[in-house]
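Before any comments, here is the structure.
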DNA sequence: TTGTAAGCGTTATCAC
DNA sequence: GTGATAACGCTTACAA
């Protein structure tokens, strides 16, 4: 293993100069710096992260805590995880994955990325002793990264209007959480700006609940209706119900989902959906947390990333 | 932060005694041991893993390398990852996730868990300088953990026979890899022991390729046929094609999948499938790798875990 | 069986 | 701007 000392010898400088080139390059003269950089390259030097962690009183580990039931959300989180680790890898950070808050005290970490947090979680969040960032909007002032839910549904609703669907109905998730409010707001705003009256139904986030709901209320839905759904899961159920009832997609009925992770590609016909840039969001989460750690816990604020509408076979083209 | 020294003081022993209680408890007398253990508890001592890593010349990081295209396999891997991290967490190990072999040299690790390795990968696998274990059967002598693919399809095929499906057809994945051979072997063995002639078709592992195939060859499939599929993905396509053709499931046609991760629950009708104990497999992967690391790379052999048949709506009951 | 001393590779601190 | 020294918390090697 090649160490800092090896590089120092090779470059004829002290260990500290090498360390400075790595951590505070601006404190080193150009000449020495390039000398050291050359030495690092020729020796293929790679810092020992345990030693660094020890000296800096860090762990170089971040915990990722998933508070939702994993069974129902898997494909979604794999992508997020991916983005997160890509962000972490760049900074030689490793990950620990937790599904229960209980484990949070087991072993050390420099910070936490938390997803699926609900209003009720703020109780213990406030007690955390290490920096953390949330995945998902919240209105308690916690730093977070999320898709711009409002804009997402604005785009979807506007698209449905452009495609001349007469009636535009929102199938939401029956949870009193920020992300849902934002999605509904995007829908409502857009409809109102076109002098149309919003119509919202809220259901548990399962395909079968949506399927059941559409089935039960089938007579109430005129032809030329587009369903804006708050998730691909709901959208899948809506599509299935429409097909079962003999409705024609996309001619008489349009369906737009939200998420764009896996499900939308597996479903048939292929779903038009608002695609969240999940991998990107994961990277941003890492970046935000690592920055927060390096700034000893300074507030980072919120980061909303605009999603994109993927146009496929459940809307007119 | 409470350190080894703090515990030592509290228990009136030397640091080394505390260290021994943690690492080699058998070398310490009962009296001292319980004294130290008590001290650790009252102080809420938790070892600093960076310091330990540094002293032992370890990193306490394991890299998990996914060689397959992530888009098509996400839900599957989330569960695996889960199991892996559960195993790692127990030993204070953290994870780094890679999707490309190139990154393997970036940053240090004590070992690798590798999934999706194909025959052609042995070239660089042989050159790895750290211990590794594979997820998935191989016939090159690499240590691995996998579902018992052969037994899985034996169970599935036997079940189809018990349910009196007359014709039993295997829809396989057209890859020349060990797992596929094993699955086919399980099917073939079982049929032959009942004096029936195996019939195997091999397709790319996508639902639409299965759907297309069944659609094209529809006339060749008599009523009273059960399709044993090498993946839920294929099974989903088969189901869709049968329904589109007006075939009755499960009365006239049975379908059995393989995997039991996510897709089987989302599909309608719900899939009968051979469920892999993925989380368990992940844990075993961690355990095997950590053991291998602690034994400085000693051979660990193979570990095959029996899957279970989940009986649902695509087979007669 | 227990304790002492040295060292793991890095960074912070304080001289120069 | 650069370098010597101590320190981070733990384990290995050796001495008692």
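The values are calculated or read from the model by the stated rules, or taken from the named source; none is laboratory data. This is a predicted model, so every value here is computed, not measured. Cβ: placed from backbone, ideal geometry, glycine included. Neighbour counts: every protein chain shown.
Below, the figures for the structure above:
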quantity	calculated
The range A:109-139, residues that are crowded, with 20+ Cβ neighbours inside 10 Å and either without any contact (Cβ under 8 Å) to a residue 40 or more places away in the chain or within 12 Å of chain B (Cβ to nearest Cβ) (or both)	A:109, A:110, A:134
From A:129, A:121, A:102, A:110, residue being in contact with a helix residue (DSSP H, G or I) (Cβ under 6 Å, 6 or more places away or on another chain) and not assigned by TED's automatic domain parsing to the domain that holds residue A:233	A:110
Among (1) within 16 Å of DNA strand D (Cβ to nearest atom); (2) touching a residue at least 40 places away in the same chain (Cβ under 8 Å); (3) away from chain B (no Cβ under 12 Å) - the single one residue A:7 does not satisfy	(2)
Test: residue in the range B:29-47 that is away from DNA strand C (no atom under 16 Å from the Cβ) and in contact with a strand residue (DSSP E or B) (Cβ under 9 Å, 6 or more places away or on another chain)	no
Selection count where residues are in a loop (DSSP other than H, G, I, E, B) and surrounded by 14 or more Cβ atoms within 10 Å (Cβ to Cβ), scope the range A:3-14	2
Qualifying position, being without any contact (Cβ under 8 Å) to a residue 40 or more places away in the chain and within 13 Å of chain A (Cβ to nearest Cβ), among B:223, B:268, B:194	B:268
Enumeration of residues in the range B:15-32 that are near DNA strand D (Cβ under 10 Å from one of its atoms) and either touching a residue at least 40 places away in the same chain (Cβ under 8 Å) or surrounded by 14 or more Cβ atoms within 10 Å (Cβ to Cβ) (or both)	B:15, B:17, B:18, B:19, B:20, B:21, B:22
Answer from A:280, A:251 - the residue that is touching a strand residue (DSSP E or B) at 6+ places or on another chain (Cβ under 8 Å), at pLDDT 95 or above and away from chain B (no Cβ under 13 Å)	A:280
Within the range A:72-104, considering residues that are facing another protein chain (nearest Cβ under 8 Å) and more than 13 Å from residue B:97 (Cβ to Cβ), the one surrounded by the fewest Cβ atoms within 10 Å (Cβ to Cβ)	A:103
Residues (buried (at least 19 other Cβ atoms within 10 Å of the Cβ) and over 25 Å from residue B:303 (Cα atoms)) located in the range B:167-202	B:168, B:169, B:170, B:171, B:191
Residue check for residue B:69: free of Cβ contacts under 8 Å to residues at least 12 places away in the same chain, more than 11 Å from DNA strand C (Cβ to nearest atom), surrounded by fewer than 19 Cβ atoms within 10 Å (Cβ to Cβ) and within 14 Å of chain A (Cβ to nearest Cβ)	yes
Entirely in the range A:245-317, the strands (runs of 3 or more DSSP E) that have 1 or more residues that are surrounded by fewer than 23 Cβ atoms within 10 Å (Cβ to Cβ)	A:272-275, A:302-305, A:308-310
Residues (within 9 Å of DNA strand C (Cβ to nearest atom) and outside any helix (DSSP H, G or I)) located in the range A:15-28	A:24
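The rows are residues; the columns are (1) in contact with a strand residue (DSSP E or B) (Cβ under 9 Å, 6 or more places away or on another chain); (2) over 19 Å from residue B:242 (Cβ atoms); (3) not assigned by TED's automatic domain parsing to the domain that holds residue B:117.
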| position | (1), (2), (3) |
| --- | --- |
| B:165 | yes, no, yes |
| B:174 | yes, yes, yes |
| B:177 | no, yes, yes |
| B:182 | yes, yes, yes |
| B:185 | no, yes, yes |
| B:188 | yes, yes, yes |
| B:191 | yes, yes, yes |
| B:198 | yes, yes, yes |
| B:203 | yes, no, yes |
